[in-house]
1. Starting from the Cα gyration tensor of the range 25-66, take the square roots of the eigenvalues, sort them a ≥ b ≥ c, and report rounded, prolate or oblate (rounded when a/c is under 1.5, otherwise prolate if a/b is larger than b/c, else oblate).
2. Tell me, what HN-Hα J-couplings in whole Hz come from the Karplus equation 6.51 cos²θ - 1.76 cosθ + 1.60 at θ = phi - 60° for each residue of the range 26-42, using x for Gly and Pro?
3. Once you have the alpha carbon radius of gyration of the range 47-99, what is it after dividing by 2.2 N^0.38 Å, with N set to its residue count?
4. For the range 87-104, take each phi angle, set θ = phi - 60°, evaluate the Karplus expression 6.51 cos²θ - 1.76 cosθ + 1.60, and give the result in whole Hz per residue in order, putting x for glycine and proline.
5. Which cross-chain or sequence-distant (5 or more) residues have an amide H under 5 Å from the amide H of T89, H modelled 1.01 Å from N in plane?
6. How large is ³J(HN,Hα) for each residue in the range 58-74, as worked out from phi by the Karplus curve 6.51 cos²θ - 1.76 cosθ + 1.60 (θ = phi - 60°), to whole Hz, x for Gly and Pro?
Amino acid sequence: MSAEAAPKAEAPAGLAPSRTAIDDQLRAILCDVLGLDRERVEDFDNDTGLFGHLPELDSMAVAGLLTEMEDRLDIIIEDDDVDGEMLETYGGLLAFAEAKVVES
């Protein structure tokens, strides 16, 4: 993990982090876990392909990505939660992260 890791997505007591906070945290996770340039990740939109499109995101990197998401977003990701759709695009991964944050 990078020494410049962003802090956990936090919100006032009883409130879920904002969509922007989750988006910022997810982008930082992708940079740190996959070693991507921040500028490149800042250009990601909802349709940006991830798994199968980014050579850095191979099956081994998925485990690290999910672990960091759990740690930094304070969520639990069950094996049954993980499918190709959630990893297909940045928008899919962001929607998954948002749903898990609300669920926790």
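Since every read-out is calculated from the coordinates, none of them should be taken as a lab result. Just so it is clear, the structure is predicted and the values come from calculations on it, not from any experiment.
1. Oblate, because a/c is 1.5 or more while a/b does not exceed b/c.
2. 5, 5, 5, 4, 4, 4, 5, 6, 9, x, 7, 5, 4, 4, 5, 5, 4
3. Values: Rg = 10.4 Å, N = 53, 2.2 N^0.38 = 9.9 Å.
Ratio of Cα Rg to 2.2 N^0.38 Å: 1.05.
4. Per-residue couplings from phi come out as 9, 5, 10, 4, x, x, 5, 5, 4, 4, 4, 4, 4, 5, 5, 5, 5, 7 Hz.
5. Close amide H contacts, sequence-distant or interchain: L50.
6. Working through the residues one at a time gives 9, 4, 5, 5, 4, 4, x, 4, 5, 5, 5, 4, 4, 5, 7, 9, 6 Hz.
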